[in-house]
Amino acid sequence: MNIWDEKNECMSREEIEQLQLERLQAVMNRVHKNVIHYKKIFDNLGIIAEDISSLSDLSKIPFTTKSDLLLNYPYGMFAVPLREVVRIHSSSGTTGKPIVVGYTKNDIKTWSNLVARLMTAAGVTRDDLVQIAFGYGIFTGGFGMHYGAEAIGASVIPMGTGNTEKQLMIMQDYKTTVLVSTPGYALALAEHLEKMGINPNALSLKAGLFGGEPWSEKVREEIESRLMLSATDNYGLSEVIGPGVAGECSCKNGLHIYEDAFIPEIIDPETGKVLPAGHAGELVLTTLTKEAFPMIRYRTGDITCLDYTKCACGRTLARMKKIMRRSDDMLIIRGVNIFPAQIEEIIYSVAQGETPYQIVVERKSGMDNLEIIVEITDKIFALELQKQRSFQENVKKQISAQAGINVDVKLVEAKSILRQNGKITRVIDKRQI
Ligand code: DLL
């Protein structure tokens, strides 16, 4: 079994912990000096890097949350001057403004190597043709996976998202061996393949690297049998680096977390208390090697649990179980993160006030679909068809511009959305992961 960085992926537990402690102290010094947010917190609590003499001392430091990032929008959490930043990506905030993350030249190298590790673990080699069907742009998926595949020396086909028929044509003609996408899009490709009457055995796919959204073992089996490939999971988030935080090896028994670059902790999402290994809770990550955008104890909102036993592949890194769910109400639609509060803000602003609505998420022909159902009230111009249409268009346009996804907007009669105890359930998610 190939390992990209044997030195860092196969250390003894003592070696990993020693390296983590040294790097943690260094990153604490850097953020204390360069990030006002952390300087204030450390000074208020009287904490300096030397107070952290073992990894268990990490719990003395408060968490960093999405709201801290929003309060410091856009560049307040950067630990280097902008002139050192060579790349900017972003991800959804809970409302209004997005989260902005930056990378120095070194960060891009670090990131590429982390992604090269997960790709190698999933079986990718320099002989592969890797078709990347993630968005290239402000989302970290496309560029993140692209640079990792190039670091390995594989041939990359930077397809981007959508255009399913063309994806399949290229897959057939160019003899793609590795597919990189969300698991949802892999299912959509499988569905289209069947519709076009193409036998998956006629493709050259051997591996599929899927991430960006939660998926189950059942979905893995479905993708593997419909696309005739070996499917592995990989995990990451923009705030921490993008893809490249953790990935499965061919044992498919948990995602290896690159612990020389990140310290994982599991906490009780209610109390914030650190939980022992094996207990499910919210994953908290501290970055150890990032220059532009270091994060100390970042609350990911993702629920999982950790296993520190050695894997049959030889890696000694902790493994996290597949993400089970979120600790908050974030939705992931075709790989894009959406907070219901973001959508509500847009609906109310177009309606110029509160108005009854419901969000319904379904999977249609393998693709996530988000529909917003809005009751027609005076605000939405009962009886005025043209104005109703312009309301629908306006909501769609603003959600597309602010959240980056296309949605359907359906208008229904007043009082027709089901209420329980007088209240509308805001989000109905009918997808089964
Ligand atoms: O989704 C980074 C990424 C891209 C990871 C491509 C893997 C592949 P964000 O847009 O910031 O970054 O979304 C991060 O997506 O907190 C999880 O809730 C969810 N997520 C990402 N990967 C997985 C996964 C990218 N493998 C958020 N399983 C995270 C479950 C995932 N959820």
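The values are calculated or read from the model by the stated rules, or taken from the named source; none is laboratory data. Nothing here was measured: the structure is a model prediction, and the numbers come from that model. Counting neighbours? That spans all protein chains shown, and the Cβs are built from the backbone with ideal geometry, glycine included. In case anyone asks, the SASA skips ligands and DNA or RNA and just uses the protein heavy atoms, side chains included. Shrake-Rupley method; radii C 1.70, N 1.55, O 1.52, S 1.80 Å.
For Val80, the conditions (1) touching a Lys or Arg at 6+ places or on another chain (Cβ under 7 Å); (2) open to solvent by less than 40 Å² (accessible area, probe 1.4 Å); (3) β-branched (Val, Ile, Thr); (4) more than 15 Å from the ligand (Cβ to nearest atom) all hold with the exception of (1). Total residues in region 118-143 satisfying the condition of being among the charged types (D, E, K, R) and either closer than 14 Å to Phe210 by Cβ or open to solvent by 10 Å² or more (accessible area, probe 1.4 Å) (or both): the figure is 2. Identify, please: which residue in region 299-327 is β-branched (Val, Ile, Thr) and over 28 Å from Ile338 (Cβ atoms) and is, among those, surrounded by the fewest Cβ atoms within 10 Å (Cβ to Cβ)? Per the stated criteria, the residue is Thr309. Among the residues of region 376-398, are any closer than 27 Å to His192 by Cα and open to solvent by 20 Å² or more (accessible area, probe 1.4 Å)? Yes, because at least one residue in region 376-398 is closer than 27 Å to His192 by Cα and open to solvent by 20 Å² or more (accessible area, probe 1.4 Å). Number of residues in region 91-115 that are at pLDDT 95 or above, open to solvent by 10 Å² or more (accessible area, probe 1.4 Å) and within 26 Å of Ala341 (Cβ to Cβ) equals 1. Taken across region 123-130, residues that are within 12 Å of the ligand (Cβ to nearest atom), of a type in the set (A, V, I, L, M, F, W, C) and not assigned by TED's automatic domain parsing to the domain that holds Ile405 do not occur at all. Listed residues Val245, Val219; which is in contact with a Pro (Cβ under 7 Å, 6 or more places away or on another chain), touching a residue at least 40 places away in the same chain (Cβ under 8 Å) and within 15 Å of the ligand (Cβ to nearest atom)? Testing whether each residue is in contact with a Pro (Cβ under 7 Å, 6 or more places away or on another chain), touching a residue at least 40 places away in the same chain (Cβ under 8 Å) and within 15 Å of the ligand (Cβ to nearest atom) leaves just Val219. Can you confirm whether Ile303 is free of Cβ contacts under 8 Å to residues at least 40 places away in the same chain and part of a strand (DSSP E or B)? So Ile303 fits the description; yes. Evaluating Lys252 against the criteria (1) on the phi > 0 side of the Ramachandran plot; (2) in contact with a Lys or Arg (Cβ under 6 Å, 6 or more places away or on another chain) leaves one unmet condition, (2).
Yes or no, residue by residue, for (1) assigned by TED's automatic domain parsing to the domain that holds Trp111; (2) basic (Lys, Arg); (3) within 15 Å of the ligand (Cβ to nearest atom):
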position: Gly208; (1), (2), (3): yes, no, yes
position: Arg226; (1), (2), (3): yes, yes, no
position: Ser250; (1), (2), (3): yes, no, no
position: Phe262; (1), (2), (3): yes, no, yes
position: His279; (1), (2), (3): yes, no, no
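Restricting to region 34-48, and then to whatever is buried (at least 16 other Cβ atoms within 10 Å of the Cβ) and among the hydrophobic types (A, V, I, L, M, F, W, C), can you tell me which residue is farthest from the chain's Cα centre (by Cα)? Residue satisfying both the conditions and the ranking: Ile47.
Selection of first residues in region 404-419 that are open to solvent by 70 Å² or more (accessible area, probe 1.4 Å) and of second residues that are part of a loop (DSSP other than H, G, I, E, B) and aliphatic (A, V, I, L, M), restricted to Cβ pairs under 8 Å at least 6 apart or on distinct chains, gives the following pairs, ordered by first then second residue: Glu413/Ile376.
Table: residues versus (1) in a strand (DSSP E or B); (2) farther than 21 Å from Ser92 by Cα; (3) within 21 Å of the chain's Cα centre (by Cα).
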{"position": "Ile343", "(1), (2), (3)": "no, no, yes"}
{"position": "Ile346", "(1), (2), (3)": "no, no, no"}
{"position": "Val350", "(1), (2), (3)": "no, no, no"}
{"position": "Arg363", "(1), (2), (3)": "yes, yes, yes"}
{"position": "Ser390", "(1), (2), (3)": "no, yes, no"}
{"position": "Asn394", "(1), (2), (3)": "no, no, no"}
{"position": "Lys415", "(1), (2), (3)": "no, yes, no"}
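Checked against (1) within 28 Å of Tyr136 (Cα to Cα); (2) crowded, with 17+ Cβ neighbours inside 10 Å; (3) of a type in the set (Asp, Glu), Glu282 passes all but a single condition, namely (1).
Just to be sure, is Thr271 farther than 19 Å from Glu9 by Cβ and hydroxyl-bearing (Ser, Thr, Tyr)? The answer is yes for Thr271. Restricting attention to region 186-205, does a residue exist that is surrounded by fewer than 18 Cβ atoms within 10 Å (Cβ to Cβ), assigned to a helix (DSSP H, G or I), within 13 Å of the ligand (Cβ to nearest atom) and in contact (Cβ under 8 Å) with a residue 40 or more places away in the chain? Scanning region 186-205 turns up no residue that is surrounded by fewer than 18 Cβ atoms within 10 Å (Cβ to Cβ), assigned to a helix (DSSP H, G or I), within 13 Å of the ligand (Cβ to nearest atom) and in contact (Cβ under 8 Å) with a residue 40 or more places away in the chain. The residue that is nearest to Gln25 (Cα to Cα), among those in region 236-284 that are among the acidic types (Asp, Glu) and either within 19 Å of the chain's Cα centre (by Cα) or not in a loop (DSSP other than H, G, I, E, B) (or both), is Glu259. Kindly provide the set of residues from region 144-170 that are closer than 22 Å to Ala116 by Cα, open to solvent by less than 30 Å² (accessible area, probe 1.4 Å) and among the aliphatic types (A, V, I, L, M), ordered by number. If the condition is that a residue be closer than 22 Å to Ala116 by Cα, open to solvent by less than 30 Å² (accessible area, probe 1.4 Å) and among the aliphatic types (A, V, I, L, M), then Met145, Ala149, Ile152, Ala154, Ile157 are the ones that fit.
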